[in-house]
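Values in this text are rule-based calculations from the coordinates and carry no lab data. Remember, predicted model here, so these are calculated numbers, not experimental data. Here the Cβ positions follow ideal geometry from the backbone for every residue, glycine too, while neighbour counts run over all protein chains shown.
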Amino acid sequence: MATTGESFEVREGEPILAAARRAGIWLPFECGWGSCGTCKVTLLDGEVDLLFPDAPAVQTRDARRRRTITCQATARSDLTIKPSWASDRPREELPTADHRAELVEVEELGPGIRRFGFRLDAPATYRPGQYAILQLGPGLRRCYSMANLPGSTLVEFIAKRYPGRPGSEGLFASTPGQRLALELPYGDMWLRPGTRPVVLIAGGTGISPILALARQLAATGDARAVHLFYGANTRAELVCWEELTALAAAMPDATLHGALLRPGPGWTHTTGFVTEALEPHLGRLVDSDFYLAGPPPMADAVLALLRAHGVQLDRIHFDRFG
Ligand SMILES: Cc1cc2nc3c(=O)[nH]c(=O)nc-3n(C[C@H](O)[C@H](O)[C@H](O)COP(=O)(O)OP(=O)(O)OC[C@H]3O[C@@H](n4cnc5c(N)ncnc54)[C@H](O)[C@@H]3O)c2cc1C
Ligand code: FES
């Protein structure tokens, strides 16, 4: 590495970021899969191959400027790179580690929605709201957010099956006993300290990290006001609703709002998108800390709504599932 003079080996097909971590060298990163651009470095010498050329953080001008993202680039030749910084220890919120994991539990939660429990080779260190990257096949790395609290060797993910798409097909084809490699934690959607109200917003399987945050708030007896919004298509897809109801009841000051596109009889919450449940409350919640997760259309709609209501950008923490 040019800036520190250190060198490390990148295995065939291995992301440069992972190779550096394996060598005890910490380079800048955040998302780990190609969306944020935090890991961009300058290539002083040598050539790389991009493992995910369509990654959102890859820009057409990068090649001209000799810049690349280390989380999705591997070495084609000997390389000299210039990162913005390098350290021999991880940042406190991102102590990312490589684990071996065995699938030990699979539970059907709703139509095409399952909870997967993996037993790791060592206790998992992460903050509720963060996610793991699972190696679901050769070159098939996908992000899944932990639904349970850290501290044990078990990590749980709530995932939806998308027929014909490789990551979710790979995960849903897994049966107990199956082993895979998994890296965690990644991401920035962890609970900030403070006294402002907390607004948690989940769309579909966005419930996975939002449930972890709700479990954390309930377990720690956090005194802040908490407003939970959770949307899905049908009541059967609104998985973990009962647990969320119990968690809200256990918090000192929490309210729970549901939104269903196609509700059945007896549904007393909003009919429509989660944005329709959220909007009537936004006027008085504008000074809150917001945490949101879900599929891209939902995340984009909520982000647009928050911006339109003047929520400060540094108070919005989100994971857009794609
Ligand atoms: C931060 C984050 C957290 C997530 N948490 C959950 C969760 O808890 N539960 C859940 O069900 N889903 C979650 N997802 C979505 C999940 O990772 C998959 O996108 C989804 O299962 C569909 O993947 P697929 O391979 O089946 O579909 P595909 O259409 O093949 O891929 C879906 C997405 O994966 C990404 N991708 C494609 N190629 C690569 C690559 N080479 N390397 C890395 N990424 C690539 C792209 O963003 C693409 O849009 C999360 C996504 C993100 C980004
Ligand atoms: S693009 Fe986010 S860490 Fe590489």
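Summary of computed values
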| read-out | value |
| --- | --- |
| Mean Cα-pair separation over length for the chain, i.e. relative contact order, pairs under 8 Å, 6 or more apart, % | 13 |
| Helix-only mean residue ellipticity at 222 nm for the chain, each DSSP H run of n ≥ 4 adding -39500 (n - 2.57), per residue, nearest 500 | -6000 deg cm²/dmol |
| Additional length obtainable on full extension of the chain from Asp98 to Leu44, 0.36 nm per residue less Cα span | 16.6 nm |
| Asp78-Thr234 pseudo-label distance in nm [points 7 Å out on the Cα-to-Cβ vector] | 6.2 |
| Relative contact order computed over segment 97-186 (Cα-Cα under 8 Å; 6+ residues apart), in percent | 39 |
| Semi-axis lengths, Å, segment 16-82, gyration tensor of Cα atoms, sqrt of 5 times eigenvalues | 16, 15, 10 |
| Part-to-part distance (alpha-carbon centres) for segment 225-269 and segment 1-80, which is given in Å | 42 |
| Helix 207-219 axis, angle to the chain major axis (alpha carbon atoms, nearest 10°) | 70 |
| Within a Gaussian network of the chain (alpha carbon springs, distance under 10 Å), most fluctuating of Glu169, Glu92, Glu183 | Glu92 |
| Counting all C-alpha pairs of segment 97-186, share separated by more than 18 Å (%) | 36 |
| Normalised contact order of segment 187-298, rounded percent, pairs of Cα under 8 Å and 6 or more residues apart | 36 |
